[in-house]
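What follows is one structure encoded as structure tokens, with my remarks underneath.
What follows draws every value from the coordinates through simple rules; no lab data is involved. A quick note: this is a predicted structure, and the numbers were derived from the prediction, not measured. Here the Cβ is made from the backbone with ideal geometry for all residues, glycine too, and neighbour counts use every protein chain on show.
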Amino acid sequence: MSFIIEDFGKLNGTEQVKRITLSSDAIECSFITYGACIQSIKVPSKDGLIDIALGFDTLEGYVHQDKYMGATVGRFANRISGAAFTLNGKEYLLAPNEGRNTLHGGLCGFDKKNWAIEDADVNSVTFFYISPDGEESFPGSLSVRVRYTVDGNRLAVSYSAVSDQDTVVNIINHSYLNLSGGGAVGDHFVRIDSDLYLPTDKESIPIAAAPVAGTPMDLRQVSILSERLDSSFDQIKKARGFDHCFILNPSDFSASKITCCSDASGVIMKLFTDAPAVQFYTGNFLEGCPAGKGGAVYSDRSGLCFETGGCPDSPNRPEFPSALLKAGERFIQSTVFEFGLLPDSRK
């Protein structure tokens, strides 16, 4: 195990951003304080160690992109319809930063904050941020922690938050992953343990839960994405791929909810989570992103996002799992990424 902390640039020329790298005997992961972001994930492939996380070599890349690359997203990740919700009889009006709706916390969400390092050692790093009452018009002063832990072939991401007022919370990580180490993701195989997904309207707001059975949204068996991404199915055609919330089937944390693998690299990834849902996004609008690590050009469908968390628009949808966090109670949620090699890729 090893632990390195170093400077990664200065925000606005004054505020220092740090990078922390944690290494085990199997994987190496780097994180930056800006956005409490995953900057790289290096895992064994059949051709040696590869970086499977899209991102940037410099702070400027993170500041100037608008794709939420690798970031911790909140206070409420995903979309809130009409940029408004009602809590305890009071209406809260938010910033409409995607059409008439609010996306990923508003104009200046958690992804644009320089988090403090609360604790760091050879196994883990904990980032801390206090979102003041009224920030982006959300109620309550919210103390948030994101803890990244590297242990063997696993990367664990744990969130905790507490507020002094009733509020709504949905915190996710928005890493774009490419298990081949580059290129388009159509050659990836994906399984999502979900019987229900949320179809969306033309503004990407969920309509009502629908069964995946009998549609290209059925990913309950390992499926190659190239056979789904250009489907004529209305939901996929409208989103130019997948950008949908899947309600995860209830199971013990020890059972993986999501599997993804690449024959090209031999990398297989399993996700374990206690979150009720996952927004599966196939990077349909990555074109125009600043040059990535090593000068990489990120085109549409260069990376996959598995945004484990709550459901979009849940503050306005009582039938969805609740995003309410009562004053003084603690929000806790965890996701574990486990990496390995496909059996026929092992040396």
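Using each residue's phi in segment 32-44, evaluate 6.51 cos²θ - 1.76 cosθ + 1.60 at θ = phi - 60° and report the 3J(HN,Hα) Karplus result to the nearest Hz, with x for Gly and Pro.
Per residue, the Karplus-derived 3J(HN,Hα) values read 10, 5, 5, x, 6, 9, 7, 8, 7, 9, 9, 10, x Hz.
Taking a temperature of 25 °C and a viscosity of 0.890 mPa s, what whole-number D in µm²/s does Stokes-Einstein yield for segment 189-347 with Rh from Kirkwood over alpha carbon pairs?
Numbers: Rh = 17.0 Å.
This corresponds to a translational diffusion coefficient of 144 µm²/s.
Ranked highest first by the average count of other Cβ atoms within 10 Å around their residues, in what order do 207-215, 140-148, 292-300 fall? Please list the in-between numbers first.
Numbers: 207-215: 12.6, 140-148: 20.8, 292-300: 15.7.
Highest to lowest by the protection proxy: 140-148, 292-300, 207-215.
How large is ³J(HN,Hα) for each residue in segment 294-300, as worked out from phi by the Karplus curve 6.51 cos²θ - 1.76 cosθ + 1.60 (θ = phi - 60°), to whole Hz, x for Gly and Pro?
x, x, 4, 9, 9, 9, 3
Going by C-beta contacts inside 10 Å, put H64, H174 in order with the fewest on the left. Working shown, then result.
Details: H64 11, H174 22.
By the 10 Å Cβ count, ascending: H64, H174.
Using per-residue counts of other Cβ atoms within 10 Å, averaged over each peptide, order 303-310, 265-272 from highest down. It would help to have the intermediate numbers written out before the result.
Numbers: 303-310: 25.5, 265-272: 22.1.
Peptide ranking by packing, descending: 303-310, 265-272.
With only alpha-carbon pairs counted, each pair once and no self-pairs, how large is the Kirkwood hydrodynamic radius of segment 1-150 in angstroms? Please report the intermediate quantities before stating the final value.
Values: mean 1/r = 0.0602 Å⁻¹.
Value: 16.6 Å, from the Cα pair sum.
So, in Å, what gap is there between the alpha-carbon centers of segment 158-194 and segment 38-65?
Going from one Cα centre to the other spans 16 Å.
What value in Å³ per residue do you get for the convex hull of the alpha-carbon atoms in segment 133-176?
Working: hull volume 3.5 nm³, N = 44.
Each residue corresponds to 79 Å³ of Cα convex hull volume.
Quick one: V150, V162, fewest Cβ neighbours within 10 Å first, how do they rank?
Values: V150 25, V162 19.
Ascending number of Cβ neighbours within 10 Å: V162, V150.
Only four residue types carry charge here, +1 at the Cβ of Lys and Arg and -1 at the Cβ of Asp and Glu. Report the dipole size of segment 184-335 about the Cα centre in Debye, rounded to the nearest 20. Provide the component values of the computation, followed by the final result.
Details: 14 positive and 19 negative charges, 43 e Å.
Computed about the Cα centre, the dipole is about 200 debye.
Semi-axes of the equivalent ellipsoid for the chain, please: Cα gyration tensor eigenvalues, times 5, square-rooted, ordered largest first, whole Å.
With the √(5λ) rule applied to the chain, the semi-axes are 28, 26, 19 Å.
Using each residue's phi in segment 269-283, evaluate 6.51 cos²θ - 1.76 cosθ + 1.60 at θ = phi - 60° and report the 3J(HN,Hα) Karplus result to the nearest Hz, with x for Gly and Pro.
Residue by residue, segment 269-283 yields 10, 10, 10, 10, 7, 9, 6, x, 8, 9, 8, 9, 10, 9, x Hz.
Determine, at each q value in 0.11, 0.19 (inverse angstroms), the log₁₀ of I(q)/I(0) that the Debye formula gives when each Cα of segment 67-154 is one equal point scatterer.
Rounded to two decimals, the profile gives -0.38, -0.88.
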